[in-house]
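The values are calculated or read from the model by the stated rules, or taken from the named source; none is laboratory data. None of the values given here were measured: they were computed from a predicted structure. Glycine also receives a Cβ, built like all others from the backbone with ideal geometry; neighbour counts cover every protein chain displayed. Note: areas computed on protein heavy atoms with side chains; ligands, DNA, RNA excluded. Shrake-Rupley method; radii C 1.70, N 1.55, O 1.52, S 1.80 Å.
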Amino acid sequence: MRTDRSIFLLSLGCSKNTVDSERLVGQARRHGLRFTDESAEADIVIINTCGFIADAKQESIDEILTAADKRRKGEIGALYVMGCLSALYAAELRAELPEVDRFFGTADLAEILELLGSTYDPEKRHERSLFTPPHYAWLKIAEGCSRTCSFCAIPKMRGRYTSEPVEDLLREASMLKKKGVKELNLIAQDISPYGRDLDGRPRLNDLLRKLSDQGFDWLRLLYAYPLDFPLDVVDTMRERENVCNYLDMPVQHIGDRILASMKRGIGRRDTIRLLESIRERNPDIRLRTTMIVGYPGETRGEFEELLEFVRDFRFDRLGCFPYSHEEHTSAYETLGDDVPEVEKQERVRELMKLQEGISEEKNRLLEGETLKVLVEEVDGSLAYCRTEYDAPEVDNECILDTGGQNVGTGEFRMARIGDSSAYELHGAIEPAS
Ligand code: SF4
């Protein structure tokens, strides 16, 4: 392919998809291929799709249709679709969208690069062109998932759990550090079983300590499944200054009947015991979780049980989703989607209202505190920042007065918190020492 042709890659979905897109662009650029951020300027459009839940699928389809229209009109020379939706529905999409030149799955980097006239070098697969701001990055430590959660089709889209070798991740991390990355967010569909498929041992803590030794400012753990979670990482968090006292652990529900139907492999008692022992081992930890409401058969009583648990346990960060009845999942094949959509939305509203109050009370406790923050953006006299207790893109924002100081994006500064609300902290950047 002529290298003067410009390529636009639209990366949809989650951070795992973003890493795939970054790897594709990183490898292609090594062979002189040119990428543009403007789809209107592109000769070739690549869409990295998401297939998790209905809304995400619809967004992917809408983007494909928009590009297909341009392809039909000859405004672009080629249209390629990759990623989760394509992995799951390639045959249907191919039949309905002849304008798309090629469909790829989630593990076809080499084929896509070949089609673009580039070559895939597995030795260089860790060379990425970051889609995130330069001061933070995702480190995808494993691909796929071997769990069987009833509501989830990800194992069908991304295959069985495959850990990246520790040495490869350390090399990738040191490359990212040389690029100026200060915050490394460890991600996978599930980080808890990391390493077990390598040599039968849980290796997450080993990896975390070695990454901590590389001297990143912040290391963060996201997407930890409660079952087989390696508790020793909580000790490392407490011991190591540069490992954020933060853990994202989706529990999805707390009712035994629902957790069993979801095939989570862990029940109410063990979930609570785990969460409490995490807090005991590291009292400064901030816990984020995700809940699903309106799961097939969820009674008002079971929802009340979830409300009571959230009220009592008081998570620091919580996201809640209405159950989405997805094809290619065991719940779709065996259960009816019997909780009405309005009732699902009402349960989301009720649970998030409760969490809003909890978050407000917790943030109020930070008023008067001085915290280390990472500056994400500066707009006039205001700096938009995050504390170590806030992951990129999902958690609380810290809005700080710069006081006329020269404050730069990607800087770490100390901040005095003066005021707060449910999802924001307000205050001022302290003078640089
Ligand atoms: S852990 Fe469960 S919800 Fe998460 S990707 Fe695996 S199957 Fe899906």
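The figures follow:
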{"item": "Inter-centroid distance (Cα atoms) of segment 406-427 relative to segment 311-357, Å", "result": "32"}
{"item": "Cα centroid of segment 173-236 to Cα centroid of segment 1-65, whole Å", "result": "27"}
{"item": "Cα gyration tensor of the chain - equivalent ellipsoid semi-axes, whole Å, descending", "result": "34, 29, 22"}
{"item": "Solvent-accessible heavy-atom area per residue, rounded to whole Å², over the chain at 1.4 Å", "result": "42"}
{"item": "Accessible area of the chain belonging to carbon and sulfur atoms, whole % at 1.4 Å probe", "result": "49"}
{"item": "Most mobile listed residue (Leu130, Leu88, Leu365) in the chain, GNM with C-alpha springs under 10 Å", "result": "Leu365"}
{"item": "Percent RCO, i.e. relative contact order, over segment 243-317, from Cα pairs under 8 Å lying at least 6 residues apart", "result": "42"}
{"item": "Rg over Rh [alpha-carbon atoms, Kirkwood Rh] for segment 48-152", "result": "0.99"}
{"item": "Global form of segment 139-244, assessed from the alpha-carbon gyration tensor, a/c cut-off 1.5", "result": "prolate"}
{"item": "Largest to smallest principal axis extent of the C-alpha atoms in segment 125-364, angstrom", "result": "52, 43, 33"}
{"item": "Cysteines having no other Cys beta carbon under 4.7 Å from their own, within the chain", "result": "Cys14, Cys50, Cys84, Cys145, Cys244, Cys320"}
{"item": "Extended-chain gain in nm, criterion 0.36 nm per residue less alpha-carbon gap, Glu333 and Asp69", "result": "91.6 nm"}
{"item": "Bridge type composition, the chain - antiparallel percent by DSSP, nearest 5", "result": "35"}
{"item": "For the chain, calculated [θ]222 nm from helices alone, where every DSSP H run of n ≥ 4 adds -39500 (n - 2.57)", "result": "-11000 deg cm²/dmol"}
{"item": "GNM flexibility winner over the chain from Arg203, Arg286, Arg364 (Cα, springs under 10 Å)", "result": "Arg364"}
